[in-house]
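What follows draws every value from the coordinates through simple rules; no lab data is involved. Worth saying up front: this structure is predicted, and the values here are computed from it rather than measured. Cβ atoms come from the backbone with ideal geometry, glycine included; neighbour counts cover every protein chain shown.
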Amino acid sequence: MNLYLLAPEISLCALAVVVILLDLFVGRKWIVGAVSIAGLVVPAVFSVLLWGSNQTAFGGALVIDQFAVFFKLLFVAIAALVLLSSTDYARRFDAFRGEYYALLLLATTGMMLLASTRELISIYVALELTGISLYVLAGFLKDSKSSEAGLKYLLLGAVASAVLLYGIALVFGLTGTTDLGEIATAISAGGIMRSPALLMGIVLLVAGFGFKIAAVPFQMWVPDVYEGAPTPVTAYLSVASKAAGFAVILRVFYEALGPASVDWSTIFAVLAAITMTVGNVVAIAQHNIKRMLGYSSIAQAGYLMVGLAAVTSTGSSAVVFFLGCYALTNLGAFIAIIAISDKIDSDEIADYSGMIRRAPMLALALALCLISLTGIPPTAGFMAKIYIFSAGVNSGLLWLVIIAVINSVISAVYYLRVVKVIFLGKPVSEERVSSPRSLQTALSLACLGVLLLGVYPWLLLRVAETAASVLPTLVP
Amino acid sequence: MSFPYLSTIIFLPVIGAIIIALLPGANPRRMKLTAAVFTAVSFVLSLVVFFTFDRGLAGPQFVERASWIPSINVQYLMGVDGLSLPLMVLTTLLGLVAVFVSWNINLRVKEYFAWLLLLETGILGVFCSLDLILFFIFWEVELIPMYMLISIWGSGRKEYSALKFVLYTLVGSAMMLTGILLLYFQAGTFDMVVLAGMGLDSVLTSLMASAIFFLIFIGYAVKLPVFPFHTWLPDAHTDAPTAVSVILAGVLLKMGGYGMIRVLLGIFPGTARDYAPIIVALAVIGVLYGAAATLRQTDLKRLIAYSSVSHMGFVLLGIFALSQVSVTGAVLQMVSHGLITGLLFAMVGLVYEKTHERSIPKLGGLARQMPVIVVVFSVAGFAALGLPSTSGFAAEFLVFLGSFSSTMVAGIQVYTILAILGVVLGAGYILWMLKRVFYGPPKEQYDGVPDADRREKIYTFALVALIMLIGIYPAVLTDIIKTGVAPLLAALGL
């Protein structure tokens, strides 16, 4: 039992405990934040050290390969950026600051486990660890909106977990094993490929995971939870939770359900088309910026599912690359919103009017990230879309790619509307909007990443392709 | 490796934009001078390229190649040939003119010049790229600067026009991207030169070739614009600030025509021949409809905008008549129209600045009060209607001669004659406009309006000189254009 393989998760857990204890004893709260951010270096270093070692532990339940390590590093990076940007926002949590940091770290631990496991029950456990931390975090502000968000997320999340468990049970019942590789062998060998029970199991798994990635029709929780939760938590949810969801979908569907790929690729293609369209069209009507970004993230999940439906290795590496670019872009947008909304105490788009005069750097960063989300060069979002659409065209899903590009145009309506309001509108007041150094650092890192990947995408593309190459090839 | 002229020309404006954005203080004069310097250097370098271009060689010159995204075979590939070189020089020239036209801007000067220079980089990149993804990236880069420039510094329904422009162009680009990706997965490369030599028409099924052709055609059709995708143009041109209208009409529209020749004629000549009758018909409708609509306009700027629809119809006719002479004429018309309409919009801007009036019924008899502007405006107007000794005549003559004698499209003679009617209508609206606005009895409310000052005289006279030069000696351009167009049409057996 090689515990060294679990070192990133163990160290992250230990960090969470240290943060809680520190919060009890330390009077100057900024130390708690600083420790939690600085402490993230430890799991990051462990993850980097694990790169290249292809090992399994706990009887195949835990697996350390490039896919797992990539996502571990991605989650640590997301957590670092979110924590950096929320040290000032955290003052709203009064006495519970330590718990806020600790819960974020624990959620990250759950996600790291989620990407590294090859066994259905471990997936479920890791999913619950992440989920419960996030349910609490969603309700952290203790006002009516936040409590509603937390409760909604909990209830709907519980239902989704139950559905997922039912799907797992069905698959287990059919194949007799919960190990992903063995499930694949059992499916292709045992002649159960056409059985309705397997199809039912696939559908239930799609439903359970679909909740996590906010695919239509499992997306009802997104707008309310995104609007009500504290903005850093929303940022974290929109990026890390989605990345974790897609990571586990890639694992489960490529490794376990690979032989049945004809079935689930069609499901994902149709869901992708519906998700993008619903997300983009409803986003146009929003006037609260967090809600709008919630619907936008639903649409982005739709684009990601195009890569899933393209059951090729280009498809899976496109999904991983898109997740990396999307993480940077969406975080950049949300960090800017954390800074601005915190000071002007409003989440309404109309109150962002003329922000270019009041907070030029923040407004420019927000505009850059929105332009990247639309998919206009030279940004990371554009490169991600090109790659994922080319994966779609390559696997014969031309109809889906046409729907996707039209959706990109529709999305321009609401993204550019915010850009317009920021640049053209009359400022509501002449007060400058300041932001703490830590947040500016996080924002600069995100924007730098967006621009850099827009011009040199192979920086991330190479890593993404290596990560995705771990998954079995389903269609040559 | 020799000095990378093309990359320098393309990226100098954006470096200038970044410098302007980072300039401390709010001294407008410093920003304008910086913008002028960067665009002037780009222009001079493009002239160097123009004069050192070897007219005997076919194929792209000043090529710069670097591997960019190996996993999908995208290269950083730049090069100019006889087709793109005149357009590149036109872009740098109009970029410099636009900076001079914008000299009197005083609202948010820093952002204005930053967006303007970024826009110039985008357009230059389109003309110089020889890799389809690079081409597409630069094609999209110009969207946001245009949106910002029109919606902040424009007039009238500026936000509506800006959004309309962006959405129309995005839809076109979306279709174009799908076509480009399809093409890549059939052919295996994004390199435009290699693709042109592959003879894809015979390799692909006719369904696939037609699908790719039409997807990409829609992208260019929105840009050129081709009737019925033209409705964004009058709004965007009219509501944009003067310098932006100059660039929009002068160069942005040409991206569509350039793309059609380079990609559609170069890579799919057979498919182009199959669909040429429909497209030529659309071209003629565009010419006549555009001219008819222009006759009805009462806003001076909108009149010039609609006339662009008509003139771009000539370009489309020349391209899809598929003969050497007509395509050469189309390219010459693109350059000539860029100069003429750029000048016309600049003049409209001057008239508006001096008299604060754009409505034709309210203007009148200005020849007494502003003689210099009137003379230049009249010359520009005559060039627009195709008076011999102006570049407008040279270009239109080549287009009509080429399309009338084309052997590729059945019944093209009828279309050509109908298009020539458009010239008559053109004479109608130009002369009528000149009479109503400038000639006739002077109105007292315009007594004492200033005429063009020295800076304005410089750039307007320069443009007039160029229009005359090309009109009297078109070989200065047609020699170069021919070397670029001939290889592309060779596949048609011409």
Open item on the list: Could you check the spin-label model distance between residue A:475 and residue A:200? Points 7 Å from the Cα along Cα→Cβ, value in nm.
Closed with: 2.8 nm
TODO: State, as an integer percentage, the relative contact order of the range B:70-179 based on alpha-carbon contacts under 8 Å between residues 6 or more apart.
DONE: 27 percent
Open item on the list: Placing unit charges on C-beta atoms (Lys and Arg positive, Asp and Glu negative, everything else neutral), compute the dipole magnitude of chain B about its Cα centre in debye, rounded to 20.
Closed with: 1000 debye
Task: J(HN,Hα) series, the range A:293-303, from Karplus relation 6.51 cos²θ - 1.76 cosθ + 1.60, nearest Hz, glycine and proline x - done: 5, x, 5, 5, 6, 4, 4, 4, 4, x, 4
Open item on the list: If neighbour count is taken as other Cβ atoms inside 10 Å, put B:140, B:111 in order from fewest to most.
Closed with: B:111, B:140
TODO: List the residues of the range B:34-62 whose backbone N lies under 18 Å from a point placed 7 Å from the Cα of residue B:15 along the Cα-to-Cβ direction.
DONE: B:34-49
TODO: Return, ordered by residue number, the residues of the range B:99-119 whose backbone nitrogen is under 19 Å from a label point located 7 Å along Cα→Cβ of residue B:27.
DONE: B:103-114
Task: the range B:86-164 and the range B:289-312: distance between their alpha carbon centers, rounded to Å - done: 22 Å
Open item on the list: Suppose the chain between residue A:399 and residue A:261 were pulled fully straight at 0.36 nm per residue; how much longer would it get relative to their current alpha carbon spacing?
Closed with: 47.8 nm
Task: Calculated FRET value between residue B:155 and residue A:188, using beta carbons and R₀ = 51 Å, to 0.05 - done: 0.15
TODO: Could you grab the relative contact order for the range A:1-119? Cα pairs under 8 Å, six or more apart, rounded to a whole percent.
DONE: 37 percent
Open item on the list: I want the local charge near residue A:354. Using Cβ-Cβ distances under 15 Å, sum +1 for each Lys or Arg and -1 for each Asp or Glu among the other residues.
Closed with: +2
Open item on the list: Quick check: the angle from helix B:269-295's long axis to the longest principal axis of chain B, C-alpha only, nearest 10 degrees?
Closed with: 10 degrees
- [ ] Compute the signed sum of charges (Lys and Arg +1, Asp and Glu -1) over the other residues within less than 11 Å, Cβ to Cβ, of residue B:53.
- [x] -2
Task: residue B:202 versus residue B:421: modelled label distance in nm, points set 7 Å from Cα along the beta carbon direction - done: 4.1 nm
Task: Pairwise label distance in nanometres, residue B:469 with residue A:49, each label 7 Å out on the Cα-Cβ vector - done: 7.0 nm
Task: Length-normalised contact order for the range B:268-494 - Cα pairs under 8 Å, 6+ apart - percent - done: 30 percent
TODO: Could you state the angle between the C-alpha long axis of helix B:109-128 and the longest principal axis of the C-alpha atoms of chain B, as a value from 0 to 90 degrees rounded to the nearest 10?
DONE: 30 degrees
TODO: Could you calculate the FRET efficiency of residue A:428 with residue A:270 from 1/(1 + (r/R0)^6), where r is the beta carbon distance between them and R0 is 56 Å, rounded to 0.05?
DONE: 0.80
TODO: List the residues whose amide H sits under 5 Å from the amide H of residue B:131, counting only those 5 or more places along or on another chain, with H placed 1.01 Å from N in the peptide plane.
DONE: B:77, B:192
Open item on the list: Longer than 18 Å from Cα to Cα, which of A:72/A:152; B:32/B:223; A:426/B:158; B:254/B:435; A:72/A:290; B:32/B:158 are they? Say none if no pair is.
Closed with: A:72/A:152; B:32/B:223; B:254/B:435; A:72/A:290; B:32/B:158
Task: ³J(HN,Hα), Karplus 6.51/-1.76/1.60, whole Hz, each residue of the range B:152-162, x for Gly, Pro - done: 8, 9, x, 9, x, 8, 5, 5, 5, 5, 5
Open item on the list: Of A:369, A:304, A:235, which is farthest towards the positive pole of the range A:233-386's charge dipole, taken about the Cα centre with +1 and -1 on the beta-carbons of Lys, Arg and Asp, Glu respectively?
Closed with: A:369
Open item on the list: Taking 56 Å as R0, compute the FRET efficiency from the Cβ-Cβ separation of residue A:25 and residue A:281 and round it to 0.05.
Closed with: 0.60
TODO: Of the options B:386, A:352, A:421, report the single residue whose Cα projects farthest towards the positive end of the charge dipole of the protein assembly as shown (beta-carbon charges: Lys, Arg +1; Asp, Glu -1).
DONE: B:386
TODO: May I ask for the net charge around residue B:314, where only other residues with Cβ less than 14 Å from the Cβ of residue B:314 are counted and Lys, Arg are +1 while Asp, Glu are -1?
DONE: 0
Task: Folded to 0 to 90 degrees: helix B:324-355 orientation relative to chain B principal axis, Cα - done: 30 degrees
Task: Rounded to the nearest 20 debye, dipole of the range A:3-468 from Cβ charges on Lys, Arg, Asp, Glu - done: 840 debye
Task: For the range A:163-170, 3J(HN,Hα) per residue [Karplus equation, 6.51 cos²θ - 1.76 cosθ + 1.60, θ = phi - 60°, Hz, x = Gly/Pro] - done: 4, 4, 5, 4, x, 4, 4, 4
Task: Amide H within-cut-off set for residue B:61, under 5 Å, with H built and near neighbours excluded - done: B:80, B:81
TODO: Place a +1 charge on the Cβ of each Lys and Arg in the protein assembly as shown and a -1 charge on the Cβ of each Asp and Glu, then give the dipole magnitude about the Cα centre in debye, rounded to the nearest 20.
DONE: 1840 debye
Task: Model label zone, residue B:47; criterion: amide N under 20 Å from point 7 Å along Cα-to-beta-carbon; scope the range B:464-493 - done: B:464-481
